[in-house]
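Quick notes on the structure that follows.
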Amino acid sequence: MENNQVKLKVLEFANKVSNKKMGSKGAITASDPRYFIMEPVVTDEMAEVALAMEFRKPMSAEELSIRCGKPLELTEKLCWELSLAGVCFVNKKDGVDKYWYDTWVPGIMEMMCNNLENVRKYPQIARAFEEYGRVVGPMSVGKFPIGVGVMRVIPIETAIQGETRKASYEEVSKYLNDAHIFSVSDCSCRTSREAIGEGCGHLKEDMCIQMDHAAEYYIRTGRGKEITREEAFEIIRRAEENGLMHQIPNLDGSGKTHAICNCCGCSCYAMRIASMFKNSDMVRSNYVAHVDSEKCVACGQCVENCPTNAVKLGQKLGTINPIKQAKIETPRDMKWGPEKFNTDYRTNRSNVVDSGTSPCKSECPAHIAVQGYIRLAAQGKYKEALELIKHENPFPAVCGRICPRKCESACTRCEIDKAVAIDEIKKFIADQELNNENRYVPKLRHNYGKKIAIIGAGPAGLSCAYYLAIDGYKVTVFEKQNKLGGMLTLGIPNYRLEKDVVNAEIDILKELGVEFKTGVEVGKDITLDELRKQEFKAFYIAIGAQKGRKLNIEGEDHEDVVSGVDFLRNVNLGNSKTLDGNVVVIGGGNVAIDVARTAVRLGASKVDMVCLESRETMPALEEEIHEALEESVHINNSWGPKRIVVENNKVVGVEFKKCISVLDENNRFNPKYDEDYTIIIPASHVLISVGQAIDWGNLLDNTEAEFNPNKTLCADGFTYQTNHKDIFTGGDCYTGPRFAIDAIAAGKQAAISIHRFVQPGQSLVLGRDRREYIAIDKDNLDLQGYDRIPRESVKHNYKTSGSEAFKDGRLTFTEAQLKKETERCLGCGAAVVDEYMCVGCGQCTTKCKFDAISLVRTYDSKGASYEELKPLVLKQIVKREVKIISKNIKNVFVKE
């Protein structure tokens, strides 16, 4: 403040706009955001002119000069400064500039925040706008009739096209077609959030449309740029495509407005009225979303895009015991205070009702809409199914071949017969894309242009690159090897994942503009600091766990003793040689299985696989164990390596000791042995596959990054940001060795974080989906009456020798099999709507591919002008008090 003194005239004007008198009860004080927002840019001299203005009554500088007693030339100057600051409108009427002030919101607050230079210079303007809603929000709860609040949701027009009772004032096109002058500006709410470091990732630029008198004002004062009506419609279309909803200033009178705001629920201050204060009636449209549960497949697109978290995923299967429904409380008939507010609404969004939803979506690490793509496949809509999968997983053809299928393990159908063959369905869908005619290449949503570096071209790095590319970032992937794909290419045998499948899916990234630089080891060939000088704004470290762990036993350093990951890498690079004699593979996981089966294909006389675990507790997937046994791999359980026997500089065998137990009483890895019970298994080659380590090289030298004791990189478990702020991580170098789908899921979440990080003022957590899913309670399901339908299967035709030894011998479903298998899905989940919290924006309807959610006209409110508002509010207050009293009396009698 100027000389730490209150600007009394500015304070007086703040009271005038608020219809208060200085010094009276409830008057605006110097600590109020309505004063605080003007304090840095409005002088007392400017305020003296503002005090001469009238609410919504345009007056010339000449008229104001007389009223404030200042010279005309000075008055003109001060009026223009007030309009530049955002305190008043200015329009030319009959060739003369006329000035007037409007309400705080919508009005002065937004206009002041749209002076971007002032906001940058004085962040308190942005902070005051945010705080204003916190001050007045609690006082408005329950007091406004439906549809007559200061802002009002206007449905997305396509969502109400089939509604015969719709009114013209409920259509965006009506307002655009009625107007003659248009401008577009940055969103004032998101400008405010950005300035105080609380952005949600939805960016502010060129989002809000002004019309007629507001457009003239915005154009003249440099807040917005002039656009055509056609450009305004294009902005509306783009906003809807990107998950935004529409609101209008609602105090101009029924069917009238001067702006259309394209809003997100996570930053908009008007939507905070619904989400935080649960005062939905104040901002809602006349519509409420309804779900047709028969059509709904719980894909979750409506949930992700609902601005008020009114839609969640639930279940539609019958239950043995009824699910207890939570009692819904609203301010319509209850006293409503801070204890009822959802102050953490920007961080506590929930995707699922308490009783859970489809287990396939819940248990998938990427939470793919399994039920949704099965339905689309059943309808023959393969490209749409592919699009739905790629919303969470850019590599469905890869995962259709190597996924651990947690969705199938959790499938409700297991309670009846066998799980739906989800992976085979996904593989069929994805294989359609291997034909160029059927490829799905997503449209770029934005063109942000900033440079991002991905270090490592494995599944995590490629996933992150894919989602950043869709947002229009300039992504460069640096890969140490000369081939792309990481462990997908170099760590998985061709008979499980043919490399043309990997390359076909990587080709989509190239089409999206991702640049790849192979044979470049960051930290050795180029440093992170050197990349920063090239204007890379953030880094995603996803180098995987590409090094084999050692046993530290006698004989391990012999040239015929090789780690499993090195062995597989050499085979995939074409550097392998025929294996003569017996081969011993040490390890019991999936990689060990791959190593053993590959050794068979390279001509080994006999392959023994030896592991600490019992047959029942082997970490390898049961299917892979079965396939290894079919290929004559001998599995020896409960043995631990003691030494590698070397005679005359040749490996001749491995001595093992009996493993009594693997885990201690705290379930930690701590094997115990009978040292006196040993065996020697003959071997000419030993392949060690007992885990993987990370080769960091010099990558993170001279950074603040920290490591865990196991040498994985420390990072936040939600945002994947490391201690060095512009470095993010994910995949095996963060979690340790896991499955590709885990890395893919991490890559997408890191892309979200990186987008927020490189844009000014964005929080990494606020307004973000936490991706927390709960599966339904299968023990409470009534599954009587469901037919037992045999699961479709495909033949495996693996060959272990000859030219086709490394060819994937697994066939794909025929279309007839696909149709039969999709019929086995029980359709466990469906979306449910909290009709009070729903504000009727229609965003959910635009994302649903199944015509399962629609807007139904539930209310009939036309809105009102500011001048008409007071009696309507007073009437609503009385009606609400009567309801509260009646309910309280009723509750007393019920208790008695």
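The values are calculated or read from the model by the stated rules, or taken from the named source; none is laboratory data. Not measured: the values here are computed from a predicted model. Here the Cβ positions follow ideal geometry from the backbone for every residue, glycine too, while neighbour counts run over all protein chains shown. For accessibility, only protein heavy atoms count, side chains too; no ligands or nucleic acids. Shrake-Rupley method; radii C 1.70, N 1.55, O 1.52, S 1.80 Å.
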- When restricted to G513, G449, G523, the only residue more than 23 Å from A740 (Cβ to Cβ), touching a strand residue (DSSP E or B) at 6+ places or on another chain (Cβ under 8 Å) and either modelled with pLDDT of 95 or more or among the acidic types (D, E) (or both) is G513
- Since A50 meets every condition but one in (1) surrounded by fewer than 19 Cβ atoms within 10 Å (Cβ to Cβ); (2) at pLDDT 95 or above; (3) of a type outside the set (S, T, Y), which condition does it not meet? (1)
- Would you please name the residue that is least open to solvent (accessible area, probe 1.4 Å), looking only at residues in region 788-805 that are modelled with pLDDT of 90 or more and among the aliphatic types (A, V, I, L, M)? V794
- Return the only residue of Y798, Y773 being closer than 30 Å to Y345 by Cβ, assigned to a loop (DSSP other than H, G, I, E, B) and of a type in the set (S, T, Y). Y773
- Those residues of region 471-485 that are in contact with a Leu (Cβ under 8 Å, 6 or more places away or on another chain) and open to solvent by less than 20 Å² (accessible area, probe 1.4 Å) come to a total of 5
- Query: Scanning for something open to solvent by less than 20 Å² (accessible area, probe 1.4 Å) and touching a strand residue (DSSP E or B) at 6+ places or on another chain (Cβ under 8 Å), does region 806-828 turn up at least one residue?
  - Reply: yes
- Any residue at all in region 408-431 that is closer than 15 Å to F739 by Cα, assigned to a loop (DSSP other than H, G, I, E, B) and touching a Cys at 6+ places or on another chain (Cβ under 9 Å)? no
- So is K324 in a loop (DSSP other than H, G, I, E, B), more than 24 Å from G265 (Cβ to Cβ) and free of Cβ contacts under 8 Å to residues at least 60 places away in the same chain or not? yes
- Item | T703, sole failed condition from (1) of a type in the set (S, T, N, Q); (2) exposed (fewer than 14 other Cβ atoms within 10 Å of the Cβ); (3) part of a loop (DSSP other than H, G, I, E, B); (4) in contact with a strand residue (DSSP E or B) (Cβ under 9 Å, 6 or more places away or on another chain) | (2)
- Checked region 714-733 for anything crowded, with 22+ Cβ neighbours inside 10 Å and either closer than 14 Å to I454 by Cα or touching a residue at least 24 places away in the same chain (Cβ under 8 Å) (or both); matches are Y720, T722, I727, F728, T729, G730, G731, D732, C733
- Could you run through region 485-512 and say how many residues are closer than 15 Å to Y440 by Cβ and part of a loop (DSSP other than H, G, I, E, B)? 1
- Just a yes or no: is a residue in region 73-83 open to solvent by less than 60 Å² (accessible area, probe 1.4 Å) and aromatic (F, W, Y)? no
- Query: Just for helices (runs of 4 or more DSSP H) wholly inside region 157-267: which have at least 1 residues that are free of Cβ contacts under 8 Å to residues at least 40 places away in the same chain and open to solvent by 60 Å² or more (accessible area, probe 1.4 Å)?
  - Reply: 172-178, 229-241
- Query: In region 741-780, which residues are open to solvent by less than 20 Å² (accessible area, probe 1.4 Å), touching a helix residue (DSSP H, G or I) at 6+ places or on another chain (Cβ under 7 Å) and among the hydrophobic types (A, V, I, L, M, F, W, C)?
  - Reply: I741, A743, I744, A746, A750, A751, I754, I776
- strands (runs of 3 or more DSSP E) wholly inside region 609-686 containing at least 2 residues that are touching a residue at least 12 places away in the same chain (Cβ under 8 Å), open to solvent by less than 80 Å² (accessible area, probe 1.4 Å) and touching a Leu at 6+ places or on another chain (Cβ under 7 Å): 639-647, 650-663
- Restricting region 288-304 to residues that are open to solvent by less than 10 Å² (accessible area, probe 1.4 Å) and of a type in the set (V, I, T), the one nearest to V136 (Cα to Cα) turns out to be V288
- Item | Any hit, region 64-71, residues being open to solvent by less than 10 Å² (accessible area, probe 1.4 Å) and under 29 Å from S140 (Cβ atoms) | no
- Task: Considering each residue of region 811-848, count those that are farther than 30 Å from L497 by Cβ and among the charged types (D, E, K, R), and give that number.
- Result: 3
- From R34, R56, grab the single residue that is under 30 Å from M139 (Cβ atoms) and in contact with a strand residue (DSSP E or B) (Cβ under 7 Å, 6 or more places away or on another chain). R56
- Task: Can you confirm whether region 141-156 contains a residue that is under 32 Å from the mean Cα position of the chain (by Cα) and assigned to a helix (DSSP H, G or I)?
- Result: no
- Query: Hey, does region 277-287 have a residue that's in contact with a Pro (Cβ under 8 Å, 6 or more places away or on another chain), surrounded by fewer than 23 Cβ atoms within 10 Å (Cβ to Cβ) and within 30 Å of S168 (Cα to Cα)?
  - Reply: yes
